[in-house]
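The values are calculated or read from the model by the stated rules, or taken from the named source; none is laboratory data. Because the structure is a prediction, the values reported are computed rather than measured. Using ideal geometry, Cβ is built from the backbone for each residue, glycine included, and neighbour counts are taken over all protein chains shown.
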Amino acid sequence: MKPRTLARVSFTLALTLTMVGEAGAVFPTQAQTCRKGIAAFSRKFVQKMMRTIQKCDDRNVQSPGTCTAPDPAAISTLEGKLRNGVDRSCAATPEAYLGEAYLNYPGPCSDLTTNDGFTLSDLEDCLQSSHEAAVHNLIAVEYNTSGPLDDTTLRCQKAVAKNGGKLVAAKLKALQKCLNGPDTFATLSATCRTDAAVLAKVASVESKARAAIIARCATSASALGMCSNSQCASMCGTCDVNCIADCTMVTHGDAVSNLDANVDDLIDFEYPPPPTPPFCGDGKRNRPDEECDAPSDSSCPGQCGAATSAFPCLCTNRPRERVVEHEASDLDTGWTGLAHDFALVEGGGYVIDLYDCDGPGGPDTLCTVGPSCSGGSHPPCSNDAQCAALSAGSCRKEITAVGPHCRFDVQKSCSCDTDATTALTTCSDSTNCPAAGDFCIQQFHTPPLPLSAGGVPVCVVNVFTEDLSGTKDLATGSMAIHLRQKSIVQMTGTPAQPCPVCGGFCKASPGDLGGRHNCTTNADCADTTSHLCVTDFLCNFGPNQGQPCRPDPPYGGPTPLYGNPSIDCPPTLSAPGILDIVFDPQSTETVSLAPSYQCNESAFSGKTCVGGSNQGASCTAGSQCPGGMCSDQCFCPAVGGVREQPNGCDAACVGGVNDAEPCTVDSECAGGFCHLADCRPDLTAPAALQPNEGGCTATIEGRCSHSSYQSCLSDTDCAQPTCNRCNGGETCQFFAKDCYINSGITRTGVASTTDPVLSAIFCIGGTGQGAVDSTAGLPGAGAIRQPSTVIDTGF
């Protein structure tokens, strides 16, 4: 059986994947060389074997008995050339690469010696037998008469054989070229089977071959004997030249590639499609994130979540909640203000298990969130030993726990290093998960997050590093959780496309990120040589370039500016910045952070009044700040990165007749003082963000009206060629520069039983990437206001 299209299949909604060899790695050079050799030598074998047998059969139908079978030595020579060619091409390829990780064998092949795995010798046996069988089947179609044939019919016979062979060779070559192309080494063959360029090339050859047969066979159709062949019967209501041409084209074309999932063709043997991975709904509990998969539901009979539900292949009779995070968030990072007002990718989130409560109807509606001890005050835990040490019972922990853990034991913590070239959902951890078949599972918090500011594009992969813990009131929707994640920050892509996308990109050469930009129709690709928008769900760049991907939540989702990221399309990692991000708490209530750290930027190393009548004034003691306090000016510790200051604003007068006017010294502010980095509430911000959003008092910035990642000073900065990906008619719009209010950062959530908003304020260290740190202002504070939807079960 073979898949022909990449459908939007429903998978388990947790952002974890099964481990499939090295599927996250770049398609190795050895595997590429092997695949090209398989294709080239198999095509030559088919061509030469067909011609060898055709020559013999031509003599035999002209004069029966003169060539009853081709020379065995000649056939043996062709077989040897096939095997030797494949052997040379694949000798340097580890046999593991022949399997599901890359070349997907055995696929339709048989492995007669299963005790040693699928070896190179097994591959050569398969290619020889499958291609010989296809050739003999086509010869049986072409030569269905014993002769002798007159000259006219013999010319027809030779035309059928010659042009049938031309079609086989041309179709094989066109498909192989497509499948060996830069985008398709790991792509389902269905993509090339329907590729416009391939179809056009094959159609051209078929048209010429058909015309040649019709020209030679106008009066010889019935004498040739093809009409009585069982494979031609459906095309031969009338035995005429059209029947002969149709049967030749269909049988020879289908031998190379057909759309019948139950009939293997030559392309299937040369480019086996990857096996269908285990998925929720296949009736087997065969994924590490499944508690059940009906009818395999012994853990919760009749209570297994359907594949399309909010709890796919999870037991729905256990108290738990699905939290779905929405795109319309407000994420602010760093002190410069350039990296504020970001949105997330739609559909991230997590599942939390709920304990120690009776449900929304009470009487006890206050739940413990996440892995926790069964006794005492139910503190968070990772394993039973932690609870035993506290005399607090055992650790209640399910496979829905988001922290890294071993596949075979959810209570064993593990870790995935960051030295790999991509961010994987599974990895080997022989120290913590040493058993055969065991591995470490880590869970993505969101699909890869594309961020672009100040001309610096980054792709951020967020991975949970601890289990979630906290409390949830089911009656009011009030919630507060502790969330910790690793943010892997990689400079990559372009300002208009920071992360790889899943479909919707222009076809171009690998590495040509400018050419492989986002698109929705072919018209969007007028600036590329291909003029073709790839709408198949394939990754456009990165380590999984050309591989299938899932575009929909929770695996991916559309963004207003940056295409459709997917967890199946991670960025290639090269010395990324690794950030430890802690939301403590992320809450539906109000969270705040006052400045309390000394800035290491010299102009801001002193203290100022926070609150009271002297807000912002320099001070050395609390007595100078009536109604307030004398405090350092920065919000977070200065760890790595660039020198830290409160925000990226210019100075402005505070108080007096020149209040809010730009200044450089106090004398310019009669009746007041000149306040460095003056940031106040932004009264133009959306009502939902008031009064927490800050705007620089005396600093404005320009952003293009749609392509907001593009800074501008005039409308010409928002037009080509200055802005290659800007839309026509964009204008330069000016705003007060974003900032954190000097007196403190505040974000307010919303408690709701269905649609809560969770807010958090957190500190971000330096990434070690100079352009990122200087653009965003890191180290510095971060803040997020996250609209969500929650779905409960088990009550």
Seminar exercise, completed: Here the residues within region 322-336 that are surrounded by 19 or more Cβ atoms within 10 Å (Cβ to Cβ) and either assigned by the TED database to the domain that holds residue 559 or in a loop (DSSP other than H, G, I, E, B) (or both) are 326, 329, 334, 335, 336
Exercise. Hey, residue 360 hits all of (1) of a type outside the set (Gly, Ala, Ser); (2) farther than 27 Å from residue 461 by Cα; (3) free of Cβ contacts under 8 Å to residues at least 24 places away in the same chain but one; which does it fall short on?
Worked result: (3)
Exercise. Can you pull out the helices (runs of 4 or more DSSP H) entirely within region 203-294 that have at least 2 residues that are more than 38 Å from the chain's Cα centre (by Cα)?
Worked result: 221-224, 241-256
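Would you kindly identify the strands (runs of 3 or more DSSP E) lying entirely within region 438-500 that contain at least 1 residues that are within 29 Å of residue 704 (Cβ to Cβ) and touching a helix residue (DSSP H, G or I) at 6+ places or on another chain (Cβ under 8 Å)?
449-453, 456-464, 479-491
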For this session: Return only the number of the condition from (1) farther than 28 Å from residue 538 by Cα; (2) free of Cβ contacts under 8 Å to residues at least 24 places away in the same chain; (3) under 40 Å from the mean Cα position of the chain (by Cα); (4) part of a helix (DSSP H, G or I) that residue 299 does not satisfy.
Result: (4)
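Name every residue in region 459-477 that is of a type in the set (S, T, N, Q) and more than 17 Å from residue 395 (Cβ to Cβ), in order of residue number.
462, 465, 471, 476
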Exercise. Within the bounds of region 415-428, is there any residue that is farther than 30 Å from residue 358 by Cβ and at pLDDT 95 or above?
Worked result: no
Exercise. Any idea which of 254, 195, 264 is touching a residue at least 40 places away in the same chain (Cβ under 8 Å), in the same structural domain as residue 142 (by the TED database), charged (D, E, K, R) and under 30 Å from residue 549 (Cα atoms)?
Worked result: 264
Exercise. Take the residues of region 365-394 that are without any contact (Cβ under 8 Å) to a residue 24 or more places away in the chain and touching a Pro at 6+ places or on another chain (Cβ under 9 Å): which is surrounded by the most Cβ atoms within 10 Å (Cβ to Cβ)?
Worked result: 381
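Considering only region 71-84, I want to know if a residue exists there that is outside any helix (DSSP H, G or I) and of a type outside the set (Gly, Ala, Ser). First the steps, then the outcome.
Quick first cut of region 71-84, residues outside any helix (DSSP H, G or I) only: 71.
From what's left, of a type outside the set (Gly, Ala, Ser): 71.
Yes.
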